[in-house]
1. What do you reckon, is B:Thr502 in contact with a helix residue (DSSP H, G or I) (Cβ under 6 Å, 6 or more places away or on another chain) and either under 26 Å from B:Ile545 (Cα atoms) or of a type in the set (S, T, N, Q) (or both)?
2. Would you mention how many residues in the range C:51-63 are facing chain B (nearest Cβ under 7 Å) and farther than 14 Å from B:Trp336 by Cβ?
3. Here is a list: B:Gly363, B:Gly337. Which entry is of a type outside the set (S, T, N, Q), in contact (Cβ under 8 Å) with a residue 24 or more places away in the chain and not in a helix (DSSP H, G or I)?
4. Could you list, ordered by first residue, the pairs with Cβ atoms under 6 Å in which the first is in the range C:103-122 and of a type in the set (Phe, Trp, Tyr) and the second is outside any helix (DSSP H, G or I), at least 6 apart or interchain?
5. Determine, yes or no, whether C:Ser281 is in contact (Cβ under 8 Å) with a residue 60 or more places away in the chain and either touching a His at 6+ places or on another chain (Cβ under 6 Å) or under 19 Å from C:Thr345 (Cβ atoms) (or both).
6. Assuming C:Ala264 fulfils every condition listed in (1) hydrophobic (A, V, I, L, M, F, W, C); (2) touching a residue at least 40 places away in the same chain (Cβ under 8 Å); (3) within 14 Å of chain B (Cβ to nearest Cβ) apart from one, which condition is it?
7. Please determine, by comparing only the residues of the range B:437-465 that are within 11 Å of chain C (Cβ to nearest Cβ) and under 23 Å from B:Gly351 (Cα atoms), which one is surrounded by the fewest Cβ atoms within 10 Å (Cβ to Cβ).
Amino acid sequence: MSAHSHVDGHLPHEPEKATLEGRNKILGFWLFLGGETVLFGTLFSVYLALRDQVLDGKPAHELFSLPLTALATLLLLTSSLTSVFAVHALHKLDNKALIKWLVVTVLLGIAFLILEIYEFYHYVHEGHGFTTSAFSSSFYTLVGFHGAHVAFGIVWISMIIRQLSKKGLTVVTAPKVYVAGMYWHFIDVVWVFIFTVVYLMGKVV
Amino acid sequence: MSHTHTVKRYSGLMDWLTTVDHKKIGILYLLAGGFFFLVGGLEALLIRVQLWKPLNDFVGADTYNELITMHGTTMIFLAAMPLLFALMNAVIPLQIGARDVAFPFLNSLGFWTFFFGGVLLNISWFTGGAPDAGWTSYVPLAGTTYSANHGVDYYVLGLQIAGIGTLIGGINFLATIINMRAPGMTFMRMPMFTWAIFITSALILFAFPALTVGLVALMFDRIFSANFFNPSGGGNMVLWEHIFWIFGHPEVYILILPAFGIISEVISTFSRKRLFGYSSMVFATMLIGFLGFMVWAHHMFTTGLGPIANALFSIATMLIAVPTGIKIFNWIFTMWGGSIKFTSANLFAVGFIPTFVMGGVTGVMLAAAPADFQYHDSYFVVAHFHYVIVGGLVFGIFAGLHYWWPKMFGRILNETLGKWTFWTFFIGFHMTFFVQHFLGLMGMPRRIWTYLDGLGFNEMNLISTIGAVLMGVGTILFLLNAISASFKPKNAGNDPWEDGRTLEWTIPSPAPEYNFKQTPLVRGYDAFWKEKMDGHKGMTPAEPIGPIHMPSPSILPFFMSIGLFIAGFGFMYARNWGHIGPLNTGYTVAVIGLLITLGCMALRSIKDDHGFHIEVHELDDKGGKA
Amino acid sequence: MMNRWQLGKRLAPLMAMMMLVLAACGREDLSALNPQGPVAEEQFGLMKLAITIMSLVVIIVFALTFYVIIRYRRRKGDNKVPKQVEGNHKLEIIWTVIPIILLVILGVPTVQSVFNLSKDYSNDPDAVQVIVTSHQYWWEFEYPQYGIKTAQEMIIPAGKTISISTKSADVKHSFWIPALAGKIDSNAASNENKMYFSAPKTGVYLGKCAELCGPSHGLMDFKVKSVDSASFDRWVAAIQEPVALPSDPAVAAAFESKCLSCHAVGDKGGPAFPNLTGIGSRASVGGILVNTDDPEYSNEGSVYDNLYRWIKDPEAVKPGNLMSDAYDLTEQELQGISQYLSELTLEYE
């Protein structure tokens, strides 16, 4: 079933959808993202319910630094763009370009994470720790879950890069790339909501 | 094209530990779910023994709260849902003409995570206390201040792990039903059971993540001192109720919709008539699923949400009665004008109808918020939900098991024992729960360890206990039936009920490893019945005979689940296990567990599974022209 | 095969249960089916409306089901294939529209009642304000208008609206007096709830905790005692009078050091645990040891016996309560304190 879809030894256009397994994986992943949407939606609701319970900690508008957040946003959004270029390369069946763009995506993702780790470290020293208040617990859980998703994505895409360089672009590796791209877009969209609901709204006194 | 990779085939225990075959996974779910049903049933009997007379001290108050918590949690998450998954796995690919589900590996992972989550939860009985804050685990009672031992930790982590399995299953069946139907099977030609599972899977997908977040928050509060629900940290205890019930209400529709599907199949088959009002049934099921997300706060009428919320949720809840009523009448009119045979399966299906309606109408009564101020948290509610869950779901499961047993095992369950099972369980059920409506209205709250004498509760509690024993007898009779059937020869035919209407009855019993030698061509609703009425013996194939590609077995799901199981212990006991050098022992164990799981995931990603082929000469009989 | 006998077997238990319906109205001081106040009456009215409509549905479904399974059962040797019916539009419309109409009939009074029962009497000068604080496993009642704090027994003037505000000192509980009104939860911290009720007839009404709150959840009973206005005024005055300590100095010393660190009598002692002023006049000790000179059940006894039993071993009476293992008393101290408390009565009726 899986490796039979070579036509004259060439890969078909949209290789990720050339097999039933590939199509199943893509559909299954869309469904999974539906569930993830509910997951983050619930986390956002929890955050919104508890964000005013600051207790002795620093309130949001004193804590957050928009320039830092804007830089992080730039990095992540750009990495989403580069993942689009990667999928482009996938459809052009260009493995080298595909790998290149995936590497750039990963690097941008790592830069985002480093900024976020620095940001959390800074907050803890400002007296905004995980156990400080309901606001802080829900903040770290929401933003931290997102960060964990970014970290997982970085490891995942790195593994795919390795597989692409060893096995090449096939109807087996193609769906992996496509699905990882979907994942990366999703966490980018979630970040847009975090940026708005947590940071921008947090700056409103 | 031939393939030269080695075919890995296991036998015996290894076969079962590594299987990715939906039919075997269905049997695993049946065994595990059946086992937990017995555990939950034993807990129920202990509860009823404690309550048979006033001021009884058969068990202590602490133990009693553990019993009610574990009874509810076990029955819902570890018995009812897995038994439904057993039938889903056994039947759905067959009903849609597919050879397996979309993600066989994930199917296995779903089973093992459920299994280890369930084991983790039940280990709490032996390690210092089971959870005792109710299956709803309200805070602050479930927080560390008021539940200092590890009971609630087992609840949180056991359910979290088991819940992963359910979510995976939901995604799997959605993708399977969307992508893998046989040629000619449009959505509106799918059997009703398939539709029911399709909508149920969507409910699972959208409801379980809310539970995930709730459990994470409670876990963080308990294990990492977060402040989600801790009032002194700014947390909000009502928030837990919202999160829990946004999951919890769709959950009960997840429980009942598959039963509705089973009833549709069984009644239709044993009336020799097609389902009355198929399109309305589909639409009504969708409506119930959708409305199910709109009504969660009817569990919170007394929490103090205010009159506007209470009024809105009352009306929304009442509305669900309309599509449900449509289904009841459609079943009755399916039987109208039919030729009804009362096999054991059909006894359960027909017994379901009046019983579930009784449960449904008390649901409408509960929906009226001001009246609910009296009913809530009393035995009236206990009566209501047992009527719909036991009288609805469990009757449905018994019906489905009797009906599909030959397809799963190649043997028909004994009909006489089946009838005895039905009558003892049916009568026992009504005895147990009908009186509880009155107990609640007369002032008996729920979840009470004992009650005072002279309040008028004594006789009805005694009746209720006797009924429970009778239900136990019925369950044992079913067990005996299942066990004795396993000694009979596997000689059921393709279509043992002789009136099969759907695709699963076109293949041998039990189904061969590859399900269909040739994928069938579906020419209408009730695909097999249509062929029968047109004078054909079987289905027209949609493809020529060829080698059949099968997914490879794998031990990874088993180890991934063990990894999570170990991690659960590590997190729970982090505050008790001290340090090894600079490292907290518990967290270290947790990390090791998670690394096992993540490592298996990485292995799965790196090593490509090309599956194997069953060659033509290995297939049974001759097959037909495509 | 279904036959008449099996049909009867199905109906008989059902009929028997129906008889129970008529018989089981329940106790006047405890049953929601026997309302003794306007709020419970309004709720019972809604229940009756709902059950009437639902009984109609049940009867129709049962009748159709029984008819169908008898009339269309497969006779021996019958191998006919019945006519396959896809559906019937008219029928489907009927059984969609009629339920909707029934729901409207139920829904309108429901919404009216929701708003009616949510009226806030906390600023009404005619209402008696009572702040209910729930604890594991006892009920605290504070009357801010009179500066009174008591526990376990809420004395109220008959006929007057009682405006309740609930909160919890620990976990979630639920305040329920079935004969008088439906329940309202008591939440911790800021989620205070309000409800109201009244008791036109004098008498003692049984209250229950209705939210799982720990091992002694089922033993967290309280009482609401409705008395005429004059008695109520006398009670308000009597409970505020100064209370003497035990006459025996040894008992007084034990009482002060071991009891008044947590409890209060009159103006002495601590506020965190049940106020003991007038405990000798209450209907029960610890909520469930019923005071009577003619004990019938194992939880009943004289005031002195109940107090003795409770103080000697509270854990045996209410597992998990906070008084267990909190103090040590000699037998003399135990007897003396029990005697003293049993004589701590209030004359108001």
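The values are calculated or read from the model by the stated rules, or taken from the named source; none is laboratory data. Everything numeric here is computed off the predicted structure, so don't read it as measured data. With ideal geometry, Cβ positions are generated from the backbone for all residues, glycine too; neighbour counts draw on all protein chains shown.
1. Yes: the conditions hold for B:Thr502.
2. Total satisfying the criteria: 5.
3. One residue alone meets the criteria, B:Gly337.
4. Short answer, once both residue conditions are applied: C:Tyr121/C:Ala127; C:Tyr121/C:Thr161; C:Tyr121/C:Ser163; C:Tyr121/C:Tyr196.
5. Yes: the conditions hold for C:Ser281.
6. Looking at each condition in turn, C:Ala264 falls short on (3).
7. Here the answer is B:Ile463.
Let's see how each residue does on (1) assigned by TED's automatic domain parsing to the domain that holds C:Ala169; (2) over 18 Å from B:Ser378 (Cβ atoms); (3) among the charged types (D, E, K, R); (4) not in a loop (DSSP other than H, G, I, E, B):
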residue: C:Asn191; (1), (2), (3), (4): yes, yes, no, no
residue: C:Tyr196; (1), (2), (3), (4): yes, yes, no, yes
residue: C:Pro200; (1), (2), (3), (4): yes, yes, no, no
residue: C:Gly207; (1), (2), (3), (4): yes, no, no, yes
residue: C:Glu211; (1), (2), (3), (4): yes, no, yes, no
residue: C:Gly218; (1), (2), (3), (4): yes, no, no, yes
residue: C:Trp235; (1), (2), (3), (4): no, yes, no, yes
residue: C:Pro242; (1), (2), (3), (4): no, yes, no, no
